[in-house]
Each structure stands twice: as C-alpha cells, then as structure tokens.
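Peer 1: Quick one: the structure is below, questions incoming.
Just so it is clear, none of the values below were taken in a lab; they were calculated from the coordinates. Since the structure is predicted, the reported quantities are computational estimates derived from the model, not experimental observations. Backbone-built Cβ (ideal geometry, glycine too); neighbour counts: all protein chains shown.
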C-alpha cells in the first residue's frame, strides 16, 4: 500500500517513469501490460503451427505453467532448434501476441539479431556490457519482459554468457526481480540432429508424431555447446543447465507446406484456391535427393510462391 501511494504521489510530480522503475525493482507485483491469454496461445499453437507436435506440447506446457505461477523460482528459458522455415519465429510471435496482445510491437518485448546488434567478433566485451545494461534496464521497468535472441548460430561466442546470473533461481538480483522474465533463443544450430532423427524415423516407417523430445534434447545441447559457430559455444548457460527446455522443430513435409500455403491464401481472402496451395507444394525443393521427403526451406518461401501462382 505504501509503495502504491508513493508511486501515485511521484507520478503527480511528473517523475512517474523513474518512480515506477524503483517500484518495480522492489515489488513482485509490477507486471506492465501483462494480460496473458493462455487459452489463446494453446489454440494458436494447435491451429497454426504445422508438423511440430513436440514444439506444440513443450511450448504450451512450459509457457502455461510458467504464466500460471505467480512466484516462479527462475525465469523461463526456451531454446528453439531446427531448419529455416519450420516455425521457430512464428512461435516466438505467438508467445508475444498472447502475453502482450502484439507480436513484436510491445515495448516489453526485446528482440536481438546478431548481425545487427553484435556484428563484430572482436567487440565481445563491449557487447556483453551493453547487453547486460539493456536487460537490467528493461527488467527494472518491467519484470515480465520477454527477450528474443534470433540466429544464435551467428552470435559471437561469449556474449550471451553475460546473462548467466540472470537465468538462475535468484530471487533478487541487482535489486531487481528477474524471475518472471522469458528468454527465447532461436537457432539453426543442432538442425542436423533434428533432421537426422526425422529422416531415420521416416525410413523406419515410424510416424513422426512418435518422436519424443528426450530423443533429441541432450544431443541438441551437446551440438550447440561444441559448435564453434554457435553463440552457446562452451557456454556455462549450457553446462549449468539454465535452459528450461530445448525445443526441436522437425523438417516439414509437403503436406505441411501446402497447409502453410492454404493459410496464406485465406489471409488474402482466397481460401477456395486449393489449386494454388497444391502448386506451391509442388514448386518447393525437397531433401534428401534420393527420397525428397522434407522441404529444404520449410514454409519460408510460401508467400513468394503464392504470389507467383495467384
């Protein structure tokens, strides 16, 4: 009650933002525009994410359990792995949309792209300092901040390790509550593990929905830890097991590509054009060369192909 009165008083003096930051740093109840739509997220994952039963299950369970916990003991840290066009960025947008009502437009969702924010491998110390300062400033203003790190395979090794203290089970760190944040790492590193398991399963006549996360997660962790081109190369974030879940994204079949095309057509008011969806599926390149099972670019090129065939 005292905190609330203090915040109202200082807002009236024109220093509301500064006082809000102080209030958030000492209070567990500062959640910004946080209005989670849990059912909406579960439905969106089920309806609009194709061919990714593991991602649907893991993300739904992990995010829902985290959001329902008013006093989590550590942040939620998810690491998405798979080939281009398989839905990793789509799921990140879904999480943002169903927590803040917008995919990437919220001031509480922070996206980092290595080629833009961390382009030079010889400036690691500066990047670490800048990243630490930005994350702490963001969390001081909003305990429920979301941080998305795209293309982790292009992140200079060593940069991301500055976040290690922020990802553990600490109640108060640097006078700010860090346990309510969500971190999402997106990477193609580890895709060879995911694709190999998918291919072996297919050739064995095994249904892809039978593939379980425990067949992949440890191998993905080892792959990104030992990959010199990975932002997690020899990272303590891996060795200290600070990633809540590694989320595999399987390579997509033609039927999944056609569903992506159908969704794109419906968004354009052309739901009836099933011929276009079929043509888009037929126009994609598929791998491996001897069997042509999986789309080499997932659904990434679907909008451009729809334009071509409409």
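Peer 1: Mind grabbing the base-10 log of I(q)/I(0) for the stretch 196-242 at q = 0.31 Å⁻¹? Debye formula, identical points on the C-alpha positions, no solvent, two decimal places.
Peer 2: For the requested q values the scattering log ratios are -1.06.
Peer 1: With the contact rule set at Cα under 8 Å and sequence spacing of 6 or more, what percent relative contact order holds for the stretch 196-254? Provide the component values of the computation, followed by the final result.
Peer 2: Details: 33 pairs, mean separation 17.4, N = 59.
Rounded, it is 29 percent for the stretch 196-254.
Peer 1: Between rounded, prolate and oblate, where does the stretch 35-178 land on the alpha carbon gyration tensor, with a ≥ b ≥ c its root eigenvalues, rounded for a/c under 1.5, else prolate if a/b exceeds b/c? Mind dumping the intermediate values first?
Peer 2: Numbers: a/c = 1.95, a/b = 1.26, b/c = 1.54.
Note, shape of the stretch 35-178 comes out oblate.
Peer 1: Using DSSP, restrict attention to beta bridges with both residues in the chain and report what percent are antiparallel, rounded to the nearest 5. Each step should come with its number before you reach the end.
Peer 2: On the way: 4 of 23 bridges.
The antiparallel fraction comes to roughly 15 percent.
Peer 1: State, as an integer percentage, the relative contact order of the stretch 254-309 based on alpha-carbon contacts under 8 Å between residues 6 or more apart. It would help to have the intermediate numbers written out before the result.
Peer 2: Details: 64 pairs, mean separation 22.4, N = 56.
RCO, the stretch 254-309: 40 percent.
Peer 1: Under the definition of Cα pairs under 8 Å and six or more residues apart, what whole-number percent is the relative contact order of the chain?
Peer 2: Numbers: 524 pairs, mean separation 68.9, N = 310.
This gives 22 percent for the chain.
Peer 1: Note down the nm distance, to one decimal, between modelled labels 7 Å out along Cα→Cβ at residue 113 and at residue 291.
Peer 2: It works out to 3.5 nm between the two label points.
Peer 1: Still on this structure, I have one more. Determine, for each peptide in 75-86, 257-268, 276-287, 39-50, the mean count of other beta carbons within 10 angstrom over its residues, then list the peptides with the highest first. Mind dumping the intermediate values first?
Peer 2: Details: 75-86: 24.8, 257-268: 20.3, 276-287: 18.7, 39-50: 16.1.
Ranked from most to least packed, the peptides come out as 75-86, 257-268, 276-287, 39-50.
Peer 1: Using only Cα atoms and rounding to the nearest 10 degrees, what angle (0 to 90) does helix 2-12 make with the longest principal axis of the chain?
Peer 2: Once rounded, one gets 90 degrees.
Peer 1: Follow-up question, since we're still on this one. Work out, step by step, the length gained on full extension between residue 129 and residue 199: first 0.36 nm times the residue separation, then minus their alpha carbon distance; give nm to one decimal. List each step's numbers first, then the result.
Peer 2: Details: separation 70, 0.36 × 70 = 25.20 nm, distance 4.21 nm.
Gain on extension, residue 129 to residue 199, equals 21.0 nm.
Peer 1: A further question on this structure: Would you please put 226-234, 177-185 in order of how densely packed they are, using the mean number of other Cβ atoms within 10 angstrom per residue and starting with the highest? Before the final figure, lay out each step's value.
Peer 2: Working: 226-234: 17.9, 177-185: 23.8.
In decreasing order of mean packing, 226-234, 177-185 become 177-185, 226-234.
Peer 1: Another question, then. How large is the Kirkwood hydrodynamic radius of the stretch 254-309, counting all unique pairs of alpha carbons, in Å?
Peer 2: Numbers: mean 1/r = 0.0905 Å⁻¹.
Taking every pair of different Cα atoms in the stretch 254-309, averaging 1/r and inverting gives 11.1 Å.
Peer 1: Based solely on its DSSP helices, what 222 nm [θ] is calculated for the chain when runs of n ≥ 4 H residues each add -39,500 (n - 2.57) and the sum is averaged over all residues, nearest 500 deg cm²/dmol? Please report the intermediate quantities before stating the final value.
Peer 2: Details: 14 runs with 147 residues, N = 310.
Rounded to the nearest 500, the figure is -14000 deg cm²/dmol.
Peer 1: Can I ask one more? Is the shape of the stretch 197-285 best called rounded, prolate or oblate, per the rule: a/c under 1.5 gives rounded, else a/b larger than b/c gives prolate, else oblate, with a ≥ b ≥ c the square roots of the Cα gyration tensor eigenvalues? Before the final figure, lay out the partial values.
Peer 2: Values: a/c = 2.97, a/b = 2.06, b/c = 1.45.
Since a/c reaches 1.5 and a/b is larger than b/c, the shape of the stretch 197-285 is classed as prolate.
Peer 1: Shifting gears a bit: If a/c stays under 1.5 just call it rounded; otherwise compare a/b with b/c (prolate if a/b is bigger, oblate if not). Do that for the stretch 114-208, with a ≥ b ≥ c from the square roots of the Cα gyration tensor eigenvalues. Can you show the working numbers first?
Peer 2: Working: a/c = 3.27, a/b = 1.73, b/c = 1.89.
Because a/c hits 1.5 or more and a/b fails to exceed b/c, the stretch 114-208 counts as oblate.
Peer 1: What number do you get for the stretch 76-128 when its Cα radius of gyration is normalised by 2.2 N^0.38 Å, N = residues? If you can, show how the numbers build up before the last one.
Peer 2: Numbers: Rg = 13.7 Å, N = 53, 2.2 N^0.38 = 9.9 Å.
Relative to the 2.2 N^0.38 Å estimate, the stretch 76-128 comes out at 1.37.
Peer 1: Ok, one more. Specify the angular offset, from 0 to 90 degrees and rounded to the nearest 10, of the alpha carbon long axis of helix 274-283 from the longest principal axis of the alpha carbons in the chain.
Peer 2: Helix 274-283 sits roughly 80 degrees off the main axis of the chain.
Peer 1: For the chain, what is one quarter of the convex hull surface built on the Cα atoms, given in nm²? Walk me through the intermediate numbers first.
Peer 2: Working: hull surface 72.7 nm².
Over every viewing direction, the Cα hull of the chain projects on average to 18.2 nm².
Peer 1: Which FRET efficiency value, to the nearest 0.05, is calculated for residue 33 and residue 308 with the Förster distance at 51 angstrom and r the Cβ-Cβ distance? All intermediate terms of the calculation are to be shown ahead of the outcome.
Peer 2: Working: r = 40 Å, r/R0 = 0.78.
About 0.80, to the nearest 0.05.
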